[in-house]
Amino acid sequence: MSRFNDLNNCKETLVECEFPAANRRVGIRIGFPFFNSCFEQHSCEVDYERPSLNTQTACRITPLDELNTQVISSGESLIEGLDLKIAELVGHRERIALYVEDVKTGKLDIEAMAKEQIALSKKEKEKAT
């Protein structure tokens, strides 16, 4: 389903990734309610998208008298990249934890939202007939 047909969507773009143009996202999406004939009841798709851990390799041929300097430079670059990714992931974790807490406490009632959408759809069908 298109994200424009979502009942609720808390996915946000993952910035610190290998291919940011691919629009990788982190979060949960609840699709619009539909009648599921297998279950003989209304259902919604619930999907979650999370980052996977992958690595990237870079290699530099370095003269012996520059090895220490290159190791320091490479290590600092590695640490900086890790820090950026960790900070972003912590932000996504905190955001999703708040979202889940809102559902747990009833501040955000996804089931009620779905039932409301089904009722609205039924009213629209009745008006059309």
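Take the cross-link list Lys11/Lys122; Lys107/Lys127; Lys11/Lys107 and give me the ones stretching past 26 Å between alpha-carbons. Distance filter (> 26 Å) returns Lys11/Lys122; Lys107/Lys127. Candidate values [x] 10, 28, 24, 17, 10, 7, 4, 1, 0; [y] 13, 46, 30, 9, 1; [z] 13, 43, 34, 11, 0 were compared with P(r) over Cα pairs in 10 Å bins from 0, in percent computed on the shown model; the agreeing label is [x].
Each 10 Å bin from zero up to the one holding the largest Cα-Cα distance in segment 1-68 carries the following percent of pairs: 17, 29, 21, 15, 8, 7, 4, 0.
Normalising the average separation of contacting C-alpha pairs (under 8 angstrom, six or more residues apart) by the number of residues puts the relative contact order of segment 1-71 at 24 percent. Within the full protein context, the accessible area of Asp47 is estimated at about 40 Å² for a probe radius of 1.4 Å. Compare the Cα positions of Gly91, Thr13, Ser73 along the charge dipole of the chain (+1 at Cβ of Lys, Arg; -1 at Cβ of Asp, Glu; about the Cα centre) and return the one farthest towards the positive end. Value: Thr13.
Rounded if a/c is under 1.5, else prolate if a/b beats b/c, else oblate: with a ≥ b ≥ c from the C-alpha gyration tensor eigenvalues square-rooted, which is segment 78-129? Walk me through the numbers before you get to the answer.
Details: a/c = 9.73, a/b = 2.88, b/c = 3.37.
Taking the square roots of the gyration eigenvalues as a ≥ b ≥ c, segment 78-129 is oblate.
Helix 67-105 and the longest principal axis of the Cα set of the chain meet at an angle near 20°.
Accessible surface of Lys122, taken over heavy atoms with a 1.4 Å probe and every protein chain present, rounds to 110 Å².
In Å², what does the accessible area per residue of the chain work out to with a 1.4 Å probe? Spell out each step's value before the answer.
Details: 10520 Å² over 129 residues.
Result: 82 Å² of accessible area for each residue.
So, with a 1.4 angstrom probe, what is the percent of accessible area on segment 1-54 that is carbon and sulfur?
On the way: 2050 of 3980 Å².
Summing carbon and sulfur atoms, their accessible area is 52 percent of the total for segment 1-54.
Axis angle, to the nearest 10 degrees, between helix 110-128 and the longest C-alpha principal axis of the chain: 50 degrees. Surface composition of segment 73-129: carbon plus sulfur atoms hold 59% of the accessible area, using a 1.4 angstrom probe and ignoring ligands, DNA and RNA. Based on Cα contacts under 8 Å between residues 6+ apart, segment 22-129 shows a relative contact order of 22 percent.
The values are calculated or read from the model by the stated rules, or taken from the named source; none is laboratory data. Keep in mind it's a predicted model, so treat the numbers as computed, not measured. Note: ideal-geometry Cβ built from the backbone for every residue, glycine included; neighbour counts use all protein chains shown. For accessibility, only protein heavy atoms count, side chains too; no ligands or nucleic acids. Shrake-Rupley method; radii C 1.70, N 1.55, O 1.52, S 1.80 Å.
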